[in-house]
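To start, the structure under review is shown below, and the notes come after it.
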Amino acid sequence: MLEDPVERRKYFKLKVGPEIEKIKDYLNKGNTFIAFLVGKKNAGKGTYSKLFMEAVGSDKVAHLSIGDIVRSVDRDLQNEVKRAELIKYLKEKYRGFITVEEVIERLKSRSTKNLLPTEAILSLVEREIDRLGRKAIFIDGFPRNLDQISYSLFFRALMGYRNDPDLFVFIDVPEAVIDERLKYRVVCPKCFTPRNIRVLRTKNIGYDKLTKKFYLMCDNSACSGVRMVPKEGDDLGIEAIRERIEIDDKVMRMLLNLQGVPRIYLRNSIPIDQANEYVDDYEITPAYRYEYDEKTKEVKVIEEPWSIKDDNGVQSYSLLPAPVEVALIKQIAHVLGL
Ligand SMILES: [Zn+2]
């Protein structure tokens, strides 16, 4: 099963063994690259860079999430020493149209109205890159809007990577997949383990006779089967983040016209009528539905391939992350000329 790291290693070796060795060799010689992950929110950008690190090793590759950087800086501000370090760094490196003090203020009161200017975000990213040392990086969350696209074109020069290759990785995930990932996600109220009743189930399933609804029971032994619950607002699915999705879509469309920078395309789904030809059954994401047997008082779990309509209305299967990762590794090796 491709959800298991040991099985995945065998699978990667079988499918892209030579490419992995070439990329490792390239990185071990001190070479790097910068890959911008472009896709809609909840497209799985973090997953693909983490699997890349799993396949080629994480000592020479890093995943840089802009959202995570800003959040961690926010935490740093509560610590006197870290706060002073940050201010010192910004006083030396930051240039922009608001003062360092104002940057700090905006970091503290993060609201959608008082957005951090791109100049400040770039300073924070530079600081993170200084800490990481020379590594190949996957950038997650930049460019976040149309105004930031130009910065991404000159990003490697700004960050001192100069002649290292840069590339854009387009992640095409049907909105229906994002919708169900959000709509059916649940969390354990005790240990906060996230799951999804449709595509990421636990071992034991409960049935609520009152509401006639099924629910997952947490697998964590310390939780002794506590009922996992949805988050408020998740029943809206993708509509809850529609505004963000539209901006992400505009950024993707704009970047698709970009000349001069290599592009890589990843597709999360495959039309059902092509699946036989191109993928094996074990590469398709399993989905679950449940039936309750009144007599035995047991819940029956029915596993079937996760089938959704893609954005063109074509009935498709959603692929597991591993086969998509194979496409990423192949194309990165190709772009790097290996
Ligand atoms: Zn739990």
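Scanning the stretch 175-186 for residues that are of a type outside the set (Ser, Thr, Tyr) and either buried (at least 21 other Cβ atoms within 10 Å of the Cβ) or in a helix (DSSP H, G or I) (or both) gives Glu175, Ala176, Val177, Ile178, Asp179, Glu180, Arg181, Leu182, Lys183, Val186. Is one or more of the residues making up the stretch 121-128 at pLDDT 95 or above and over 30 Å from Gly337 (Cα atoms)? So far as the stretch 121-128 goes, no, none of its residues is at pLDDT 95 or above and over 30 Å from Gly337 (Cα atoms). Evaluating Ala157 against the criteria (1) within 16 Å of the ligand (Cβ to nearest atom); (2) at pLDDT below 90 leaves one unmet condition, (1).
The numbered conditions (1) within 16 Å of the ligand (Cβ to nearest atom); (2) in contact with a strand residue (DSSP E or B) (Cβ under 9 Å, 6 or more places away or on another chain) are all true for Asp179 except (1).
Residues in the stretch 187-217 that are of a type in the set (D, E, K, R), within 15 Å of the ligand (Cβ to nearest atom), within 22 Å of Pro321 (Cβ to Cβ) and not in a strand (DSSP E or B): 2 in all.
Test of understanding: among Asp172, Asp140, which residue is in contact with a Lys or Arg (Cβ under 6 Å, 6 or more places away or on another chain) and surrounded by fewer than 18 Cβ atoms within 10 Å (Cβ to Cβ)? Unique residue meeting the criteria: Asp172. Within the stretch 236-259, track down each residue that is touching a residue at least 12 places away in the same chain (Cβ under 8 Å) and not in a helix (DSSP H, G or I). Result: Leu258, single match. Residues of the stretch 218-235 that are within 30 Å of Lys40 (Cα to Cα) and in a strand (DSSP E or B): Val229, Pro230.
When Ser123, Ser49, Ser109 are screened for being surrounded by 14 or more Cβ atoms within 10 Å (Cβ to Cβ) and out of contact with any helix residue (DSSP H, G or I) (no Cβ under 7 Å at 6 or more places or on another chain), only Ser49 passes.
The values are calculated or read from the model by the stated rules, or taken from the named source; none is laboratory data. Only a predicted model underlies this, so the values are computations on that prediction, with no experimental measurement involved. Reconstructed Cβ throughout: ideal geometry from the backbone, glycine too, with neighbour counts over all protein chains shown.
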